[in-house]
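Where a number appears in this text, it was derived from the coordinates with a stated rule and is not lab data. Bear in mind that the values here come from a model prediction, so they are computed numbers and not experimental data. Here the Cβ positions follow ideal geometry from the backbone for every residue, glycine too, while neighbour counts run over all protein chains shown.
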């Protein structure tokens, strides 16, 4: 919370967007709890965004010609979780990914875990791309786990 207070320098957000996963089980839950607490304290709405949408948004910002990407997150224990994400950034249910199929561009840190992947980028979800996510791709602030 002190880091958030420093970042905002006395200002308040009009809304909060929080990463809802997939990702670290504990980290996602703590982030959602903090976002909900701030939303309650400030009286502002709290929205959830998939980590896959954030990774995909970064790829689409870098290459506007892309139509879809396979966004992969490091799911821990040597596993990658992900989903094919289109330009609308609406993310279908993420699942564990063990092999690459098709000609879809691959992005995200989880790609490093798959043999033969040639990712466009190996970045983790970046909150700086939350502004690229349209309201229709936001959801409730509830944790998403791979395979839920």
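Sort largest first and round to whole Å: the equivalent ellipsoid semi-axes of the stretch 65-104, each the square root of five times a Cα gyration tensor eigenvalue.
Numbers: eigenvalues 73, 27, 11 Å².
Listed largest to smallest, the semi-axes of the stretch 65-104 are 19, 12, 8 Å.
Here the relative contact order of the stretch 56-121, from alpha carbon pairs under 8 Å that lie six or more residues apart, stands at 33 percent.
For the stretch 5-73 versus the stretch 91-148, the spacing of their alpha-carbon centroids is 13 Å. Ranked by how many other Cβ atoms sit within 10 Å of their own Cβ, fewest first, the residues 104, 136 fall in the order 136, 104.
If packing is taken as the average count of other Cβ atoms within 10 Å, what order do 22-29, 124-131, 66-73, 1-8 fall into, highest mean first?
66-73, 22-29, 124-131, 1-8
From helices alone, the chain scores -8000 deg cm²/dmol at 222 nm; the rule is -39500 (n - 2.57) for each run of n ≥ 4 DSSP H residues, then divide by the residue total. For the stretch 29-141, the average shadow cast by the Cα convex hull is 7.2 nm², which is a quarter of the hull's surface. Between residue 8 and residue 24, the contour length at 0.36 nm per residue exceeds the Cα-Cα span by 3.3 nm.
By its C-alpha gyration tensor, with a ≥ b ≥ c as the square roots of the eigenvalues, how is the stretch 45-86 shaped: rounded for a/c under 1.5, else prolate for a/b larger than b/c, else oblate? It comes out oblate by the Cα gyration axes. With the convex hull drawn over the C-alpha atoms of the stretch 1-42, the volume per residue is 70 Å³.
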